[in-house]
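K.L.:
I'd like to ask you about the structure that follows.
The values are calculated or read from the model by the stated rules, or taken from the named source; none is laboratory data. Everything quoted here is computed from the prediction, not taken from an experiment. So basically every Cβ, Gly included, is an ideal-geometry build from the backbone, and we count neighbours across all protein chains shown.
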Amino acid sequence: MDMGTLMFAGALGLMLIGTAALVLSGHLMRMVFGLALLESGASLLLVLTGYRSGASAPIILDGVVPASMVDPVPQALVLTAIVIALGVQALALGLVLRVHRAYGTFEMREIRRRMERDICDQAGLELPSSNEVPEPYPGSPKPQQGEY
Amino acid sequence: MRQYNSMRRLTSLLFLAGLGLLLAAILQRLNFGQPPMIVGDAINAAAPAQVGAANLVTSVVLAYRGFDTLLELTILFTAATAAGLALGREPGDRLADPEAGPIVRAGADLFFPLLLVVGLYIIFHGHLTPGGGFQGGVILAAAFFMPQLARPASRLEHRMTTLIEGLAGATFILIGLLALFEGEAFLTPLLGVGTLGTLLSAGTLPMLYLAVGLKVGAELAGLLASLAEMGAEE
């Protein structure tokens, strides 16, 4: 395997790891980190596609134009993409902190359960319940009738 | 529910396997060292005479894709505003973390002017060397956030950052509109090309990058301050 394939595999692998964190993890903070990994992988892939063997950076030093320069367009795209990724991550972190303040946990399943309880409380409904209802969360005590 | 979870995990793994296959298929077709696009070569050949910026990435960001950069600034602005909205600022509860130790405080005092100089240098030389408004703006934001890390009781003035941000954004659009009055397209660089490689070259590009730098710096400083205040309130 040559160097280029290895680097492309690294970029695509980062994207795969980020996506895995997004779909497999139920922890909101880890999902934000997964999003960051996904964005880094995409940026890396874009920069790598603009590389030309043996070429220099697209900068003219002291009026000497290099014989061969790499593609400046992906670099310009990634330049702004990084800043936007930062803004999006800050927004995601803000929302996650907000959720943590409201429900006191980062665990998606737990949040969903408490949200459903709150909605039923507000609507004056009883939570759907039956004898076969399994425990809502591994290790948590058996729910009381009416609570779940 | 446990059954449902294992089912969900299984479908997620299947999805990931499919995605991995797709990415592997892309990997097969990628040629390292041979860029598939031809527009880059054309820009590399034409940009020095057309735009006059020694850093060709800057000519792409501000001259050829200036309108896109404006929209990307809008995205950043929207994200920062939404984050500020989600984090919220209640003036009532202003519980602050205790002050940092003497090392962090002295470091913050020492680094503040240095970071300002480095940030402004990177912004002003964005059309000559690697760097520019986005990178320099982030360094400026760090400069204004460091004193807050050292002394959490001293708050960043949010009205100030909003004012700088708004003025910088308006300047960017105003420079773009000036090109319209000259009979050119929106955001066309004006004021001639200048001598390649000197500080006062590439027409209005340095001014645009200054606006970008101030906007990004003020936005991120406000965002970091909001995040820090959110942490302190708990």
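K.L.:
Of the residues that make up segment A:69-80, is at least one out of contact with any Leu (no Cβ under 9 Å at 6 or more places or on another chain), more than 7 Å from chain B (Cβ to nearest Cβ), not β-branched (Val, Ile, Thr) and not in a helix (DSSP H, G or I)?
P.N.:
No - not one qualifying residue is present in segment A:69-80.
K.L.:
Tally time: how many residues in segment A:55-84 are surrounded by fewer than 20 Cβ atoms within 10 Å (Cβ to Cβ) and closer than 20 Å to A:Phe33 by Cα?
P.N.:
Result for segment A:55-84: 4.
K.L.:
I would also like to ask the following. Are any residues in segment B:151-177 free of Cβ contacts under 8 Å to residues at least 60 places away in the same chain and either among the acidic types (Asp, Glu) or surrounded by 16 or more Cβ atoms within 10 Å (Cβ to Cβ) (or both), and if so, which ones?
P.N.:
Of everything in segment B:151-177, those that are free of Cβ contacts under 8 Å to residues at least 60 places away in the same chain and either among the acidic types (Asp, Glu) or surrounded by 16 or more Cβ atoms within 10 Å (Cβ to Cβ) (or both) turn out to be B:Arg151, B:Glu157, B:Ile164, B:Ala168, B:Thr171, B:Ile175.
K.L.:
Here's something else I'd like to know. Kindly establish whether A:Leu28 is closer than 25 Å to A:Gly104 by Cα, among the hydrophobic types (A, V, I, L, M, F, W, C) and surrounded by 19 or more Cβ atoms within 10 Å (Cβ to Cβ).
P.N.:
So A:Leu28 passes the test.
K.L.:
Would you call B:Thr129 in a helix (DSSP H, G or I) and either at pLDDT 80 or above or surrounded by fewer than 17 Cβ atoms within 10 Å (Cβ to Cβ) (or both)?
P.N.:
For B:Thr129, the condition - in a helix (DSSP H, G or I) and either at pLDDT 80 or above or surrounded by fewer than 17 Cβ atoms within 10 Å (Cβ to Cβ) (or both) - is not met.
K.L.:
Ok, one more. Which one of B:Ile75, B:Ile103 is more than 26 Å from B:Ser201 (Cβ to Cβ), surrounded by fewer than 16 Cβ atoms within 10 Å (Cβ to Cβ) and at the interface with chain A (Cβ under 10 Å from one of its Cβ atoms)?
P.N.:
Testing whether each residue is more than 26 Å from B:Ser201 (Cβ to Cβ), surrounded by fewer than 16 Cβ atoms within 10 Å (Cβ to Cβ) and at the interface with chain A (Cβ under 10 Å from one of its Cβ atoms) leaves just B:Ile75.
K.L.:
Which of the residues that make up segment A:1-25 are assigned to a helix (DSSP H, G or I) and closer than 23 Å to A:Thr105 by Cα? Before the answer, list the steps.
P.N.:
Narrowing segment A:1-25 to residues assigned to a helix (DSSP H, G or I): A:3-24.
If the condition is that a residue be assigned to a helix (DSSP H, G or I) and closer than 23 Å to A:Thr105 by Cα, then A:Gly18, A:Thr19, A:Ala20, A:Ala21, A:Leu22, A:Val23, A:Leu24 are the ones that fit.
K.L.:
What's the number of the only condition in (1) farther than 30 Å from B:Ser201 by Cα; (2) surrounded by 19 or more Cβ atoms within 10 Å (Cβ to Cβ); (3) touching a Lys or Arg at 6+ places or on another chain (Cβ under 7 Å) that A:Tyr103 fails to meet?
P.N.:
Unmet condition: (2).
K.L.:
Considering only segment B:33-56, state which residues are in contact (Cβ under 8 Å) with a residue 40 or more places away in the chain and part of a helix (DSSP H, G or I).
P.N.:
Within segment B:33-56, B:Pro48, B:Ala49, B:Gln50 meet the criteria.
K.L.:
Could you check B:Ala80 against (1) at the interface with another protein chain (Cβ under 7 Å from one of its Cβ atoms); (2) part of a helix (DSSP H, G or I); (3) without any contact (Cβ under 8 Å) to a residue 60 or more places away in the chain and say which number it fails?
P.N.:
B:Ala80 satisfies every listed condition except (3).
K.L.:
I've got another one for you. Any residue at all in segment A:40-61 that's in contact with a Leu (Cβ under 8 Å, 6 or more places away or on another chain), in a loop (DSSP other than H, G, I, E, B) and facing chain B (nearest Cβ under 7 Å)?
P.N.:
Yes - at least one qualifying residue is present in segment A:40-61.
K.L.:
Six or more apart or on different chains, Cβ under 8 Å: which pairs go from a residue in segment B:213-226 that's of a type in the set (Gly, Ala, Ser) to one that's surrounded by 24 or more Cβ atoms within 10 Å (Cβ to Cβ) and not in a helix (DSSP H, G or I)? Could you list them?
P.N.:
Filtered contacts from segment B:213-226: B:Gly213/B:Gly126; B:Gly213/B:Gly132.
K.L.:
Let me ask you something else. Can you go through B:Leu30, B:Leu62 and tell me which one is surrounded by 14 or more Cβ atoms within 10 Å (Cβ to Cβ) and facing chain A (nearest Cβ under 7 Å)?
P.N.:
Answer to the check: B:Leu30.
K.L.:
When residues of segment B:175-234 are filtered for being under 15 Å from B:Ala63 (Cβ atoms), within 14 Å of chain A (Cβ to nearest Cβ) and either of a type outside the set (A, V, I, L, M) or assigned to a helix (DSSP H, G or I) (or both), how many remain?
P.N.:
Residues meeting the conditions: 6.
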